[in-house]
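**Student:** Take this structure, written in structure tokens, and hold onto it; I'll ask about it next.
Only the coordinates and a few stated rules stand behind these numbers; no lab work does. This is a predicted model, so every value here is computed, not measured. So basically every Cβ, Gly included, is an ideal-geometry build from the backbone, and we count neighbours across all protein chains shown.
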Amino acid sequence: MNLVNQFLKGLRAALPAEELDELNIAHGATQEDIDTLKSQYPDCPESLIRLLENIDGTYWRKYGDKEITVCILGSDVEEGRYPYYLLSTKEMLQSSKQEEDMSYLLEYEEDEEAVDPKINPEGLLPGKYIHFSDCMNNGGTSRLYIDFNPSDLGVKGQIIRFLHDPDEYAVIANSFDAYLQMLIDGEFIYLSEDED
């Protein structure tokens, strides 16, 4: 079983029934959107393409006459318990056009650790990253990126997590494959309901 199928199988088993019903409405991206993503980002990971071929976004995403909002991803925030949406292919293409400036964090010594040394201090430049996920707080608290322009210490294709207040950019996985494996290994803890 390939990694994306393994991820989707585990995800569907972990989702609460109501959210699984919503997710079952979703379908994959159009071939045209996939081709556009591949042409603009030739280094786009095959596992992200495969995921989008199955689910083209879960963030207030309209499929036919129904709209779904299902968090299917996670990160390291709150010990892995904080959920994230998958952006659609079109949303990724649109939101990855802006420069993500980190210089304000590098100007002050006390913020030295706010930007992981594996991340290029020039920031996330247009065409050099894919913003693929927003957190459950509409992306206001945290966002996830695939970075194709790392520092000398980083790896092309590494996964960056932005966290707001205090602002911080950290590398949480060396690749999208490693990121999906992290979620599988964490047993989709971000989908479990707190019992307190």
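**Student:** Taking the 0 to 90 degree range and rounding to the nearest ten, how far is the long axis of helix 176-185 tilted relative to the main principal axis of the chain, both from C-alpha atoms?
**Tutor:** Around 60 degrees separate the two axes.
**Student:** Could you tell me how far the Cα centroid of segment 1-62 sits from the Cα centroid of segment 132-171, in Å?
**Tutor:** Computed from Cα coordinates, the inter-centre distance equals 19 Å.
**Student:** Which of the peptides 83-96, 164-177, 22-35 is most tightly packed, and how do the rest follow, going by the mean number of other Cβ atoms within 10 Å of each residue? Spell out each step's value before the answer.
**Tutor:** On the way: 83-96: 21.4, 164-177: 16.6, 22-35: 15.0.
Those peptides, ordered most packed to least, come out 83-96, 164-177, 22-35.
**Student:** Please tell me the relative contact order of the chain in percent, rounded to the nearest whole number, where contacts are Cα pairs under 8 Å and at least six residues apart.
**Tutor:** Working: 358 pairs, mean separation 39.7, N = 196.
Result for the chain is 20 percent.
**Student:** While we're looking at this one, here's another question. What is the local net charge at ASP147, summed over the other residues whose Cβ is closer than 14 Å to its Cβ (Lys, Arg +1; Asp, Glu -1)?
**Tutor:** Values: positive: LYS118, LYS128, ARG143, LYS156, ARG161; negative: ASP43, GLU99, GLU100, ASP116, GLU122, ASP152.
Net local charge, ASP147 excluded: -1.
**Student:** Please give me the summed charge of the neighbours of ARG161: other residues whose Cβ is under 11 Å from its Cβ, Lys and Arg +1, Asp and Glu -1.
**Tutor:** Values: positive: ARG143; negative: ASP76, ASP116, ASP147, GLU168.
Neighbour charge sum, excluding ARG161 itself: -3.
**Student:** Something else about it: From the phi angles alone, apply the Karplus equation (6.51, -1.76, 1.60; θ = phi - 60°) to segment 22-39 and give each ³J(HN,Hα) in whole Hz, x where the residue is Gly or Pro.
**Tutor:** Running phi through 6.51 cos²θ - 1.76 cosθ + 1.60 with θ = phi - 60° gives 5, 4, 5, 6, 5, 9, x, 5, 5, 4, 4, 5, 4, 4, 5, 4, 5, 6 Hz.
**Student:** If you don't mind, there's one more thing I want to ask. Can you tell me the Rg and the Dmax, both Å, for the Cα atoms in segment 4-51?
**Tutor:** Cα only, segment 4-51: 13.2, 37 Å (Rg, Dmax).
**Student:** Based on DSSP H runs of at least 4 residues, each adding -39500 (n - 2.57), what is the mean residue ellipticity at 222 nm of the chain after dividing by all its residues, to the nearest 500 deg cm²/dmol? Don't skip to the answer; put the middle values down first.
**Tutor:** Details: 7 runs with 59 residues, N = 196.
The helix contribution divided over the chain gives -8500 deg cm²/dmol.
**Student:** Compute the projected area of the convex hull of the Cα atoms of the chain, averaged over all viewing directions, and report it in nm² to one decimal place.
**Tutor:** Values: hull surface 46.0 nm².
One quarter of the hull surface, i.e. the mean projection, equals 11.5 nm².
**Student:** What is the count of Lys pairs in segment 27-165 whose alpha carbons sit under 20 Å apart, if the two are 8 or more places apart or on different chains?
**Tutor:** Going through segment 27-165 pair by pair, I get 12.
**Student:** Further question on the same structure: If you take every residue apart from LYS66 with its C-beta less than 12 Å away from the C-beta of LYS66, what net charge results, scoring Lys and Arg +1 and Asp and Glu -1?
**Tutor:** After counting each charged neighbour, the total is -2.
**Student:** Which order do the peptides 117-124, 98-105, 70-77 come out in when sorted by mean C-beta neighbours inside 10 angstrom, highest first? Walk me through the intermediate numbers first.
**Tutor:** Values: 117-124: 17.6, 98-105: 14.5, 70-77: 22.8.
Taking the mean over residues of other Cβ atoms within 10 Å, the ranking is 70-77, 117-124, 98-105.
**Student:** If you don't mind, there's one more thing I want to ask. What are the residues whose amide H is under 5 Å from the amide H of VAL155, where those residues sit 5 or more places off or on another chain and H is modelled from the backbone?
**Tutor:** none
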